[in-house]
Amino acid sequence: MSITTESLVKEWLELDTFDAETRAEIETLWNAKEEAALQKLLGHRMEFGTAGLRARMGAGYSQMNVLTIVQTTQGFAEYLLEQFPTTARSNGVCIGFDGRHRSERFAKAAAAVFFAKGFEKVLLFSRMVMTPMVPFTTVVEGCVAGIMVTASHNPKEDNGYKVYWANGCQIIPPHDSGISDSILRNLQPIITASDIEAVDLSRLSDFTEKTVQKYMETVTHQLKADLPSQPLDVTYTAMHGVGYRFINDIFQSFGLRPVIPVLEQVQPDPEFPTVKLPNPEEGKGALKLAMQTADNHGSRFIVANDPDADRLAIAEKNPETGEWYIFKGDEIGILLADWALRNHRKAHPNENAKLAVLNTTVSSKMLRAFAQKENILYQETLTGFKWLGNRAIELRKEGYTVLMAYEEAIGFMLGSAVADKDGVSAGASFAQYANQLELEGESIFGHLQNLRKRYGFFVTQNHYFFCYDKNVIRSIFQRLRQDNQYAQSCGGFKIAAVRDLTVGVDTAFPDGLARLPVSAATEMITYTFENGCVITLRTSGTEPKIKYYCEHSHPDSVDTARAELAVIVDAMIAEFLEPERNNLIKSA
């Protein structure tokens, strides 16, 4: 066995004084001479990016464990002291955690580090909270940063460390690289296991309840509509996460009927026993129990959150066919935009305000058509709420009222209480919307068709391939850009413009330069066809995937748009991705 591996093992056992289980894992592999496994665990560190950290829990620098949490927090704390030299310790940080395995202990470890660094204000929630509570609290309490321990809708084996800046938004470059460098300079632990055990969650129980109440009051003030009655019974699933307590409170605050809970999924359970993946995006498989519960109670409307309650899924039962329809993220987005604009104009009938809506480059351009028709501002950002939230704040400083922002991956932001996606406030808002449509004699799906008649028939086809070889991914995108000699057609359809945000190219502009932020860290190419079809290919920041987002529209016929899109997508897969040649694995 190499000296390098032996030195890594020795170093780990010296540093990891926190967890007997992770120490034993490394010792067992060492005794069994499992050099390849040890190199995988100890030979490289998790990459700290704009999404923070997210990885499998277990021993080693490449996984989530108490030692890597301590090292990460030490680096983050030092970076905050550099960025806010006079206010970091006094303004402090906010720390939350979800219901996953080890989340509470990871959060306490992070808090212990900040205490050791002399931070006077460390607002560690006394109980598990939804992710939106952290950006909300970071802003209202004037903290310099927030941390949420969560892996959102990832498998049960994973956990994560999500970072927010002082403005309540997820971090953007160059903070990610600055924090990453600071972590590497602060690897020697400054705390012990006893310091973690000494962190008392109960000391801030009053603060926790008061802050949750403040969130409810703020969201209610901004988003509660005046409804004459609430005829709908809403079925709710928390997907074994933390959302039930929050959705109950916001429904009560909005004056809505109490939700019908999916009892098997309503309490936090880190094993996620009833679903293969705790992700409402997975469709009918994830919502099977919710549909059964709704059917048993005569409810035809479902609201679903993911385990940390920052995402929202919606389903409606067709009263004529008896079939459930699960709305896509883009469909929920345009519906919420309609609701937000309707409410704003009702509340401010004589106001000539500057209004804005936002979504990401891979989300539907139906929102752009909506904005053009309604004479309000539309803007798009890069993928991720870190960009949407920061742009929304900038627009508000320019005098705009940002009605809503969304990304197609079922993330929605309404109002200004949280500069991030919030599945609870969005869920309550959509429940109001569904009740209002019910009073008007419309179903949600029926109203969506009316919006399509007004703004255009947009259809999307979004999916992904698994690719576990980074070199293959790199070669695919290198071939596509061919020294900036991009494809001029695909499947016989002419391409009008190409935007490559990995290298900063956008052929739609005379100078050929991209206007959106550029990052060499991720692959992202967008093709705009002469017939209006738009296809974006990109890599995932957290998963071994090549994702594709495809959209087409037609002014009169959804069938025409869908048929033409299918031909283009098939050609794109065959010509651009070449799945057989590159051994790509298509998702189920």
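Some points to look at:
- Of the residues E120, E157, ranked by 1.4 Å probe accessible area with the largest first, the sequence reads E120, E157.
- For G52, nonlocal amide neighbours, meaning residues 5 or more places apart or on other chains whose placed amide H falls under 5 Å from its own, are V163.
- Calculated mean residue ellipticity, 222 nm, the chain: -12500 deg cm²/dmol, from DSSP H runs (n ≥ 4) at -39500 (n - 2.57) each, averaged per residue and rounded to 500.
- Area accessible to solvent at K224, 1.4 Å probe radius, in Å²: 100 Å²
- Here the translational diffusion coefficient of region 200-246 follows from Stokes-Einstein with Rh set to the Kirkwood radius across Cα pairs; for 10 °C and 1.306 mPa s it amounts to 117 µm²/s.
- Alpha carbon Rg of the chain, scaled by the compact-globule rule 2.2 N^0.38 Å: 0.98
- Alpha-carbon radius of gyration plus Dmax, which is the widest Cα pair, for region 36-135 in Å: 14.3, 46
- Dipole magnitude of the chain about its Cα centre (Cβ charges: Lys, Arg +1; Asp, Glu -1), debye to nearest 20: 800 debye
- Cβ-based charge dipole, the chain, positive-most Cα from I183, F246, V418: V418
- Lysine pairs in region 385-507 whose alpha-carbon atoms fall under 29 angstrom of each other, counting only those eight or more residues apart or on distinct chains, come to 6.
- Our summary gives the chain a relative contact order of 10 percent, counting only alpha carbon pairs under 8 angstrom and 6 or more residues apart.
- Accessible surface calculations at 1.4 Å, restricted to protein heavy atoms, place the chain at 41 Å² per residue.
- Loop GluC sites (Glu not before Pro), region 216-284, which have at most 16 other Cβ atoms in a 10 Å radius of their Cβ (DSSP): E271
- Amide H contacts for D158 (H built 1.01 Å from N in the peptide plane; partners 5 or more residues away or on another chain; cut-off under 5 Å): M57.
- Of the listed residues T86, T50, T137, the order by accessible area with a 1.4 Å probe, largest first, is T86, T50, T137.
- Ligands, DNA and RNA left out, the accessible area of region 270-370 computed with a 1.4 Å probe is 47% carbon and sulfur.
- Neighbourhood net charge (14 Å Cβ-Cβ; Lys/Arg +1, Asp/Glu -1) for K547: -3
- Each residue of region 532-538 was assigned a 3J(HN,Hα) from its phi angle through the Karplus curve 6.51 cos²θ - 1.76 cosθ + 1.60 (θ = phi - 60°); the sequence is x, 5, 10, 10, 10, 10, 8 Hz, with glycine and proline shown as x.
- Stokes-Einstein translational diffusion, region 255-328 - Kirkwood Rh over all Cα pairs, 0.890 mPa s, 25 °C, in µm²/s: 191 µm²/s
- A simple charge model with +1 on the Cβ of Lys and Arg, -1 on the Cβ of Asp and Glu and nothing else charged puts the dipole of region 505-588 at about 360 debye relative to its Cα centre.
- Of the listed residues D420, D559, D511, the order by accessible area with a 1.4 Å probe, largest first, is D559, D511, D420.
- Sparse packing (at most 11 other Cβ atoms within 10 Å of the Cβ) combined with a DSSP loop state is found for none of the GluC sites (Glu not before Pro) in region 1-98.
The values are calculated or read from the model by the stated rules, or taken from the named source; none is laboratory data. Quick caveat: nothing in here was measured; it's all calculated off a predicted structure. As a convention, Cβ positions derive from the backbone with ideal geometry for all residues, glycine included, and neighbour counts pool all protein chains shown. Each accessible area value is taken on the protein alone, full model and side chains, heavy atoms only, with ligands, DNA and RNA left out. Shrake-Rupley method; radii C 1.70, N 1.55, O 1.52, S 1.80 Å.
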